[in-house]
Amino acid sequence: MPAFAQNDVFLLGFTGFDYEDPNPDPGNYLALGEGYRALGFVTSFGDLLAPYTDPVANEYTFELYDLVVQSRFFDGVALEVAFSSPGRVRYYEDSRAGGTPGQYGVNPPNGTAPPSFVDGLLILGGHVENFVLTYDYSFNEGSFIGNAHFDEGSLLGWIPPLRRDGWTLGGLAGRPNNTVPQGYEHQISGECRIPGPTPATHRTWGALKALYR
Amino acid sequence: MKSKIGVAALLGLLATGLLATTAAAQCTPPPGYPGVMIKFDADAFAYETSYTTSTFTSAPGSMLTVVGIVSLFCFPFTDLNPLDPNTEYTFVWDNLTSGGTTAVPYGTSGTRYTTSYLGGQFRIYAGSPRNAPTAATLPALPAPGVVPDRYADGTMILSGVMDELTTIVTRTSTGSYTSSFRTNYHCTGGTLFNRVGIDVNLIQGTWCPVPPNNPAGPYPLGTCQLPAGWGAHPNGKWDAPASVPAVPSTWGTIKQLYR
């Protein structure tokens, strides 16, 4: 079976919930100037980081924040929101033995969210640009996409410098959804992917000489 | 007084479901809400019998199949280890019949591609050895004897049916792509069926499509390069049915909180 070399590779997967903060216009989802945040758990790591993480001993969480609505289109069914850059995403490692389990609670921000999702060791973080969120109210589903540029964290060194620009994609499921806690907007399932190595082209001396003939 | 406060605090913790087992903490649900039950991440892939990658279009009557490898189990399956070197947990969705794709303008200059599929079924297997293709070893299609076969070997631990499954791929006004899928499910069988019962909940996530010019590239932001024959890379999860009781705990776990 031939192996397939993907151009981009899976860095990590996650689940969680999103909410608006600040939310000065509660009747108007993601109005201009409002903030978008998401938090939750990392559900798996790809080959780059898996050797340096331990999901049995530790809990891994994330927070996406500092995203402010810059433009908004809504036709009564379809919503498209673009955010001013940069937002920020951070991933944390917290010991199961001595740490604080992530707890969503209700009506975030609250006493446990985000605090219980942003404690422990910062393992990876970066700024997020070109973030766009789309949502279709006829199907109660949508998603977001954004460029992630990693620049901090204890595991940053395990990602080669030329592969620290990736992108994050999240699928959104809104109500009716009995899993979404009060005060949160959507359930999220998604992943972060990063560009794969660009293979060098194998050449022969003969081919090189031919360039100068 | 101190002891009353302690008991009250303990009962409060119990009532709010804060006492997840450590094994389940990676997917601790909010108190009183059903949580994620099964998650799949890097190794899930979709293909169908009549799909045009250049236009994200599924023809009416096209049959969709999704195969994948489970990346995380939550309650009530926390005793299953998706990384077990000797056992692989895989799944297959099939019998999904396309109603065709509609493409409509979206936002200020984008396009939204929506496809609905009916008749879906799913099965989850525990098989040995680990032999299903991953993202790194995914073959081009067709791959007789490999896809979907290696995702459908072993003991069927759970099966079920889906309501209408809807995928949405959106080329946003900025040129990047967003994508999602959503359906309701309920279980009908499998050796672990008695853990979940027949109540309904969600399967939902992202539906990263192969780029319009797959596999040559370049690859617009939000698309996933896959070998020839594949249509999308889903990432998502089954939520636990609402009837599945809250994550259980033990007195030992409770005591640990106060040490």
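The values are calculated or read from the model by the stated rules, or taken from the named source; none is laboratory data. Fair warning: this is a prediction, and the values are worked out from it, not measured in the lab. Cβ coordinates were reconstructed from backbone atoms using ideal geometry, including for glycine residues, and neighbour counts include every protein chain displayed.
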Does the range B:242-251 include one or more residues that are at pLDDT 90 or above and in a loop (DSSP other than H, G, I, E, B)? no
Exception for B:I168 within (1) more than 19 Å from B:P34 (Cβ to Cβ); (2) among the β-branched types (V, I, T); (3) in contact with a Pro (Cβ under 7 Å, 6 or more places away or on another chain) falls at (3)
Test of understanding: among B:S62, B:S58, which residue is under 28 Å from B:P212 (Cα atoms), in contact (Cβ under 8 Å) with a residue 40 or more places away in the chain, of a type outside the set (A, V, I, L, M, F, W, C) and in contact with an Asp or Glu (Cβ under 8 Å, 6 or more places away or on another chain)? B:S58
Sole miss for A:R90 among (1) over 28 Å from B:S176 (Cβ atoms); (2) assigned to a strand (DSSP E or B) is condition (1)
Please specify each residue of the range B:28-72 satisfying the condition of being more than 26 Å from A:Y104 (Cβ to Cβ) and not in a strand (DSSP E or B). B:T49, B:S50, B:T53, B:S54, B:T55, B:F56, B:A59, B:P60, B:G61, B:S62
Within the range B:82-100, restricting attention to residues that are of a type in the set (S, T, Y) and in a strand (DSSP E or B), which residue is farthest from B:R112 (Cα to Cα)? B:Y89
Which members of the range B:85-110 meet the condition of being surrounded by fewer than 22 Cβ atoms within 10 Å (Cβ to Cβ) and within 14 Å of chain A (Cβ to nearest Cβ)? B:P85, B:G99, B:T101, B:T102, B:A103, B:V104, B:P105, B:T108, B:S109
Cβ-Cβ under 7 Å, sequence separation 6+ or interchain: first residue in the range B:34-45 and more than 7 Å from chain A (Cβ to nearest Cβ), partner hydroxyl-bearing (S, T, Y). Which pairs? B:F40/B:S71; B:D43/B:T134
Residues in the range A:113-154 that are over 16 Å from the mean Cα position of the chain (by Cα) and assigned to a loop (DSSP other than H, G, I, E, B) total 8
